[in-house]
Amino acid sequence: DAGVIQSPRHEVTEMGQEVTLRCKPISGHDYLFWYRQTMMRGLELLIYFNNNVPIDDSGMPEDRFSAKMPNASFSTLKIQPSEPRDSAVYFCASSLATGTSPTAAFGPGTRLTVL
Amino acid sequence: KNQVEQSPQSLIILEGKNCTLQCNYTVSPFSNLRWYKQDTGRGPVSLTIMTFSENTKSNGRYTATLDADTKQSSLHITASQLSDSASYICVVTSTSGTYKYIFGTGTRLKVLA
């Protein structure tokens, strides 16, 4: 089991550019989560999907952020246009079920730096 | 307002010593509480998860407690090791139609030799 796979691991871009982060969840997991982590705000849930359908996107900071899950094995988080304050580590996680399931697994994260 | 507060913010202990991390929450309705360990540069890893009816749960040298009446949880680490150096994050799940995840800001633990 390769675990949750994220790419790229590091991304440095200039303000105003479009950034696309990618995630491959663990096979068979039906929930997928996107998180953002900064020193100031800690870990924040941005959006999560169940069976490829977005369930709660109330954590998405603004319209510049969008997430898609075209199939059960792939999801993207896009920032357009990017801003320096978007600099953070973005984690993708997947699980079999929310609530009491202990099987939530996190990917290694993508460290985004917007100059 | 749903909130999760952790204390202390950071902690330094000597190898072999025990320590206890605290998590207080004001989340309603409550579904469960999880403790995660996050090593530097890595994603969080789940240590324990407890529902309303569970008072304590262990995972090796980690023991979590939950007092649903006072809305407090603790994570006790026994006989600490250098590898315990990490951030420990408390997350409370709320259910009200959809699941809501409320994160604490974490406790940074440093274990010294």
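See the values below:
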| item | result |
| --- | --- |
| Qualifying residues in region B:101-113 (those that are in contact with a helix residue (DSSP H, G or I) (Cβ under 7 Å, 6 or more places away or on another chain) and open to solvent by less than 30 Å² (accessible area, probe 1.4 Å)) - the one farthest from the other protein chains (Cβ to nearest Cβ) | B:VAL111 |
| Residues satisfying the stated conditions in region A:10-43, i.e. of a type in the set (S, T, N, Q) and either in contact with a Ser or Thr (Cβ under 6 Å, 6 or more places away or on another chain) or over 29 Å from B:GLU5 (Cα atoms) (or both) | A:THR13, A:GLN17, A:THR20, A:SER27 |
| Enumeration of residues in region B:37-69 that are among the polar types (S, T, N, Q) and part of a loop (DSSP other than H, G, I, E, B) | B:THR40, B:SER53, B:ASN55 |
| Residue within region A:62-69 that is assigned to a strand (DSSP E or B) and in contact with a Cys (Cβ under 6 Å, 6 or more places away or on another chain) present | no |
| Test for B:SER80: is it open to solvent by less than 50 Å² (accessible area, probe 1.4 Å) and assigned to a strand (DSSP E or B) | no |
| Hits in region B:83-100 - residues which are within 14 Å of another protein chain (Cβ to nearest Cβ), free of Cβ contacts under 8 Å to residues at least 60 places away in the same chain and open to solvent by less than 30 Å² (accessible area, probe 1.4 Å) | B:ALA86, B:SER87 |
| Matching residues in region A:56-97 - criterion: being touching a strand residue (DSSP E or B) at 6+ places or on another chain (Cβ under 7 Å), more than 14 Å from every other protein chain (Cβ to nearest Cβ) and of a type in the set (Gly, Ala, Ser) | A:SER66, A:ALA67, A:SER73, A:SER75, A:SER82, A:SER87 |
| Failed condition for A:SER7, given (1) under 28 Å from B:VAL4 (Cα atoms); (2) in contact with a Lys or Arg (Cβ under 6 Å, 6 or more places away or on another chain) | (1) |
| Enumeration of residues in region B:22-36 that are in a strand (DSSP E or B) and open to solvent by less than 30 Å² (accessible area, probe 1.4 Å) | B:CYS23, B:TYR25, B:SER31, B:ASN32, B:LEU33, B:ARG34, B:TRP35, B:TYR36 |
| Subset of region A:3-53 (residues that are modelled with pLDDT of 95 or more, acidic (Asp, Glu) and within 16 Å of A:ALA67 (Cα to Cα)) | A:GLU18 |
| Some residue of region B:37-53 being within 12 Å of chain A (Cβ to nearest Cβ) and more than 23 Å from A:LEU45 (Cβ to Cβ) | yes |
| Selected residue (criterion: least open to solvent (accessible area, probe 1.4 Å)) from residues of region B:1-21 that are more than 11 Å from every other protein chain (Cβ to nearest Cβ) and among the β-branched types (Val, Ile, Thr) | B:ILE13 |
| Residue in region B:56-64 that is touching a residue at least 40 places away in the same chain (Cβ under 8 Å), more than 10 Å from chain A (Cβ to nearest Cβ), out of contact with any Asp or Glu (no Cβ under 6 Å at 6 or more places or on another chain) and surrounded by 20 or more Cβ atoms within 10 Å (Cβ to Cβ) present | no |
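Results for (1) at positive phi; (2) open to solvent by 60 Å² or more (accessible area, probe 1.4 Å), shown as yes or no for each residue.
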position: A:THR13; (1), (2): no, no
position: A:CYS23; (1), (2): no, no
position: A:SER27; (1), (2): no, yes
position: A:TYR35; (1), (2): no, no
position: A:MET39; (1), (2): no, yes
position: A:GLY42; (1), (2): yes, no
position: A:GLY59; (1), (2): no, no
position: A:ARG64; (1), (2): no, no
position: A:PRO70; (1), (2): no, yes
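The values are calculated or read from the model by the stated rules, or taken from the named source; none is laboratory data. Not measured: the values here are computed from a predicted model. FYI the Cβ positions are ideal-geometry reconstructions off the backbone, even for glycines, and counts take in every protein chain you see. Areas reflect the complete protein model, heavy atoms only, side chains present, ligands, DNA and RNA absent. Shrake-Rupley method; radii C 1.70, N 1.55, O 1.52, S 1.80 Å.
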